[in-house]
Amino acid sequence: MRPVSERIALVLFDRLQELAAQLNPNTVVSEVIRPTRMGDFTPKHNQIVMVQDDPVIDPVSSHPGNPPAIAWLQRFKVHCHVMPSEQDPTTLDELLNTFVADVIKTVTVPQAGWHNMDGLAINTTIEGFERIPPDGSFAGMTIVFAVLYRTDETSPYVVRA
């Protein structure tokens, strides 16, 4: 069995994989990856790299009990990389606007209850966007998904309502 945080990460990763399955006519994603410790990837055009921040306890959403239910806020950052050809007349903003819209649509629609992450979370929100400035090799945009979930205080493997 995997911890709840990892199961949520896998739900989000699986949804992003739908873009790599070439089912979207707007953005043809080259790959979706979760880097290893060595960061074993090379930036590519229309690449998604998913990472997570450190979880933070949300005391307001935690509940007393035996054992108590601890609420965690876990932020996942979905980096959308673009590396268009020098001959591509499309602006970076247009590429990124379309890429970000396709990621959001894939993660959230048409899934009823998308924010519950297949019953593992209380809520998920799109917290914001962060531009990855062009550095001569690639540019991009990061979408921040904030997932609120609860576990037993004594077992991060047990989902709590």
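The values are calculated or read from the model by the stated rules, or taken from the named source; none is laboratory data. Keep in mind the model is a prediction, meaning the values are calculated, not measured. Note that each Cβ is placed from the backbone with ideal geometry, even for glycine, and that neighbours are counted across all protein chains shown.
Whether any residue in the stretch 53-68 is of a type in the set (Asp, Glu), closer than 21 Å to Arg160 by Cβ, part of a loop (DSSP other than H, G, I, E, B) and over 13 Å from the mean Cα position of the chain (by Cα) is what I want to check. Yes, because at least one residue in the stretch 53-68 is of a type in the set (Asp, Glu), closer than 21 Å to Arg160 by Cβ, part of a loop (DSSP other than H, G, I, E, B) and over 13 Å from the mean Cα position of the chain (by Cα).
Within the span defined as the stretch 61-71, every residue fails to be farther than 22 Å from Ile33 by Cα and in contact with a Gly (Cβ under 8 Å, 6 or more places away or on another chain).
Looking only at residues in the stretch 122-145 that are in contact with a Phe, Trp or Tyr (Cβ under 8 Å, 6 or more places away or on another chain) and hydrophobic (A, V, I, L, M, F, W, C), the one that is farthest from Pro68 (Cα to Cα) is Ile132. Taking each residue of the stretch 111-139 that is touching a residue at least 60 places away in the same chain (Cβ under 8 Å) and under 22 Å from Pro156 (Cβ atoms) and looking for partners that are aromatic (Phe, Trp, Tyr) and outside any loop (DSSP other than H, G, I, E, B) with beta-carbon atoms closer than 8 Å, six or more apart or interchain, yields Met117/Tyr149; Leu120/Tyr149; Ala121/Tyr149; Ile122/Tyr149. Restricted to the stretch 32-43, and to residues there that are surrounded by 14 or more Cβ atoms within 10 Å (Cβ to Cβ) and touching a Phe, Trp or Tyr at 6+ places or on another chain (Cβ under 8 Å), the residue that is farthest from Leu96 (Cα to Cα) is Arg34.
Within the stretch 48-89, the set of residues being more than 19 Å from Leu148 (Cβ to Cβ) and polar (S, T, N, Q) comprises Asn66, Ser85, Gln87.
The set of residues in the stretch 108-127 that are at pLDDT below 95 and over 19 Å from Arg160 (Cα atoms) comprises Thr108, Val109, Pro110, Gln111, Ala112. For Phe138, the conditions (1) surrounded by 16 or more Cβ atoms within 10 Å (Cβ to Cβ); (2) farther than 19 Å from Ile57 by Cα; (3) modelled with pLDDT of 95 or more all hold with the exception of (3).
For the stretch 148-160, check the following and say yes or no: at least one residue is under 20 Å from the mean Cα position of the chain (by Cα), modelled with pLDDT under 95 and aromatic (Phe, Trp, Tyr). No, the stretch 148-160 contains no residue that is under 20 Å from the mean Cα position of the chain (by Cα), modelled with pLDDT under 95 and aromatic (Phe, Trp, Tyr). When Thr98, Thr90, Thr106, Thr27 are checked against the criterion of being more than 13 Å from the chain's Cα centre (by Cα), surrounded by 11 or more Cβ atoms within 10 Å (Cβ to Cβ) and in a helix (DSSP H, G or I), Thr98 stands alone in meeting it.
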